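One structure is given below, encoded as structure tokens.
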Amino acid sequence: MSRDNKYSWACPQKVLWLTQLWLLLVLFESSLVISEVPPHYWETPYSQPYFDNSSRREVTATVGQAALLHCRVRNLGDRAVSWIRKRDLHILTVGILTYTNDQRFQSLHSEGSDEWTLRISSPQPRDSGTYECQVSTEPKISQGFRLNVVVSRAKILGNAELFIKSGSDINLTCLAMQSPVPPSFIYWYKGKRVMNYSQRGGINVITERSTRTSKLLIAKATSADSGNYTCSPSSSDSASVVVHVINGEHPAAMQHGNSSASSLRSTWSPVPLLAVTTTTAAVAVTWNWNWNWSSSSSFVAAATLLPAALANWFGRRSSSWSWSWSLS
């Protein structure tokens, strides 16, 4: 065999041997990688889309304030995310497209994000209920979210009409009721004028967002401070109270806006409900009285005066009469 023939035969053999060695190395490295994969890896749910349960599943929103439901889906791939209203199985959105005539519903999604958000602008109490975030796998998977839409109202402690003695302090306290988040501000108005920035001395507004409380303090009130006061939180319906600043005592309500429970308030009608007299000289009269007594002395005075008043009234009409009366 010539030298040239020897090399022409050896080269293909060497190439074949190197190729086989390379394949063995590849198979060996592949076996190492495969050995690191947990058993049944491709059967685990993490290879398929799944929900990130870190999102809040129950959301409370106030009327008029946008409501947001956040759904996070991992490993989505080429699947689509839809929002469905459960009570009527109505499809609201698919992807970022809205599939309802109610344009208050909108799907929000940023490219590359795992979050798909359903936004409901100007929600109403009728929008309360369960909404499902659904992924178009086979079979489909879904996650429910509960939305509660409440009416947040402000409340001023005390009566709706207050009487303040001149020279006393006006102290009004307002609460933002059923507000899911603390209001960003609480304004006080007297009529249409904002009291928070009033130039009048002696006015102080103290607002605590964490407790959703605001206090309006007016020192040494005068008759000019009488009027309608309104508390208006940023996320709640407003509340109002009428304040009267008067000189001297008032029989109905007094002392820093608190009603006097011991005051006398009476309503009575001096008109007979039944009078029977045609052929006889006797007259029977039934009277209906409605009294709220503040003290026993008022009762004694009334019991003393009533017979005399009735006698005087009937004395001019009949020489013989009888009467009866009752308290209710």
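Are any of the residues in segment 117-133 part of a strand (DSSP E or B), basic (Lys, Arg) and closer than 19 Å to Tyr229 by Cα?
no
Looking at (1) touching a residue at least 60 places away in the same chain (Cβ under 8 Å); (2) open to solvent by 20 Å² or more (accessible area, probe 1.4 Å), which one does Ile91 not meet, given that it meets all the others?
Of (1) touching a residue at least 60 places away in the same chain (Cβ under 8 Å); (2) open to solvent by 20 Å² or more (accessible area, probe 1.4 Å), only one is false for Ile91: (1).
Take the residues of segment 171-180 that are hydrophobic (A, V, I, L, M, F, W, C) and open to solvent by 40 Å² or more (accessible area, probe 1.4 Å): which is farthest from Leu147 (Cα to Cα)?
Per the criteria, the residue is Leu175.
Quick test for you: out of Ser179, Ser184, Ser168, pick the one residue that is more than 18 Å from the chain's Cα centre (by Cα) and either more than 27 Å from Val245 (Cβ to Cβ) or of a type in the set (Ser, Thr, Tyr) (or both).
Ser168
As an exercise: evaluate Thr100 against (1) outside any strand (DSSP E or B); (2) open to solvent by 50 Å² or more (accessible area, probe 1.4 Å) and give the number of the one condition it does not meet.
(2)
When you scan segment 181-234, how many residues do you find that are aliphatic (A, V, I, L, M) and open to solvent by less than 30 Å² (accessible area, probe 1.4 Å)?
5
Within segment 43-65, how many residues turn out to be closer than 23 Å to Gln103 by Cα, open to solvent by 40 Å² or more (accessible area, probe 1.4 Å) and among the β-branched types (Val, Ile, Thr)?
Total satisfying the criteria: 2.
Taking the condition under 25 Å from the mean Cα position of the chain (by Cα), hydroxyl-bearing (Ser, Thr, Tyr) and within 30 Å of Val205 (Cβ to Cβ), does Ser122 pass?
The answer is yes for Ser122.
Could you tell me which residue of segment 66-88 is most open to solvent (accessible area, probe 1.4 Å), considering only residues that are assigned to a strand (DSSP E or B) and more than 21 Å from Glu111 (Cβ to Cβ)?
Restricting to residues being assigned to a strand (DSSP E or B) and more than 21 Å from Glu111 (Cβ to Cβ), the top hit is Arg85.
The values are calculated or read from the model by the stated rules, or taken from the named source; none is laboratory data. For clarity, every value in this text was computed on a predicted model and none was experimentally measured. All Cβ positions, glycine included, derive from the backbone under ideal geometry; neighbour counts span all protein chains shown. Quick note on the areas: whole protein, heavy atoms, side chains included, nothing else; ligands and nucleic acids left out. Shrake-Rupley method; radii C 1.70, N 1.55, O 1.52, S 1.80 Å.
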